[in-house]
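Each remark here refers to the structure printed beneath this line.
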Amino acid sequence: MTPEQSDFRVGVIQPVECIKEGWALIKDQYWLFFGLTIVAMLIGGAVPIVLMGPMMVGLFLCLFEKQGHRPFEFGFLFKGFDYFVPGLIVTAFKVIPILIIMLPFYFIMFATMMTTMPRDHATPEDMSRFMTSFFGIEMIFVLIVMVVSICVEIFFMFGYPLVADRKLSGLDAVKLSIKAGKANFAGILGLLVLNALLSILGMFLCIVGMYLYLPIAFAAQAVAYRRVFPEMTQPFASPPPPPASWA
């Protein structure tokens, strides 16, 4: 299937409604999806560029099974490895822009830290000023990472779901995700910002709240995806068989 064969809707993402529907989708099996999400993040984070793709595809496969009211087990998460190469390609397209943009900021932060670090015989006041400036720079860096990640995610948010749902190749999924992301820019931006704010709020609950919210954030993305890409009821017809040859 090619991106040209996959139509999508525009203007159908309402961030608050997506989060509400995401919670309604998984609340009766919340702890199952919490486990799926944590395992997917842990395995994917172990070798991020290599393993994140199949784990995210597997997570969305589970979410789509739930949306379709089809039974599935925990092991269904690892079906994402059936789409290892497409998932890897989507991950590469998501990570490379972030690395290109963020590396200069990382070197600036590191250089600033090294040049302002107190030397021998530093006074407590010197250490206090250094720690204040260091944490200030760290907060700015985290904010920049968040802004850049959201900007990149707007265009790639549908990449993994398209691989899981429409079985597109990695490149075709990226192309269609960018196209649909541009057409639904405001709605996706609102959803990502709201998810980020709720995750930050969760951090104030001893960090635990952030992890508890993760399954809802992914479920909200699955809801947003399904609004933009309705479930296909009619499979594409197989090509006709070749004509019989007569001896």
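None of the figures in this text is laboratory data; all of them are computed from the coordinates on show. None of these values were measured; they are calculated from a predicted model. Positions of Cβ are generated from backbone atoms using ideal geometry, with glycine treated the same way; all protein chains shown enter the neighbour counts.
The table below lists the values:
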quantity: Leading residue at positive end of dipole, the chain (Cβ point charges), from 71, 45, 146; calculated: 71
quantity: Per-residue Cβ neighbour rank within 10 angstrom, fewest leading, 151, 206, 62; calculated: 206, 151, 62
quantity: Descending principal axes extents, the chain, alpha-carbon based, whole Å; calculated: 95, 45, 35
quantity: Given 12 as the ceiling on other Cβ atoms within 10 Å, longest exposed-site-free region of the chain for GluC sites (Glu not before Pro) in DSSP loops; calculated: 74-230
quantity: Long-range HN-HN contacts of residue 229 with modeled amide H, under 5 Å; calculated: 9
quantity: Rounded Å value of the spacing that divides the Cα centres of the range 6-83 and the range 169-239; calculated: 10 Å
quantity: Ranking of 115, 132, 37 by count of other Cβ atoms within 10 Å, fewest first; calculated: 115, 132, 37
quantity: Most mobile of 93, 218, 72 in a GNM of the chain (Cα contacts under 10 Å); calculated: 72
quantity: Neighbour-count order for 147, 95, 174, fewest beta carbons within 10 angstrom listed first; calculated: 147, 95, 174
quantity: Where a label projected 7 Å from the Cα of residue 145 along Cα→Cβ would reach, residues of the range 67-102 with amide N under 16 Å; calculated: 95-102
quantity: Size descriptor, Kirkwood hydrodynamic radius, that averages inverse alpha-carbon separations across the range 22-164, Å; calculated: 17.8 Å
quantity: Ratio Rg/Rh [Cα only; Rh per Kirkwood] for the range 136-198; calculated: 1.08
quantity: Angle in degrees between helix 48-67 and the longest Cα principal axis of the chain, rounded to the nearest 10; calculated: 50 degrees
quantity: Low-density loop positions, chymotrypsin sites (Phe, Trp or Tyr not before Pro), the range 181-212 - DSSP coil, at most 14 other Cβ in 10 Å; calculated: 204
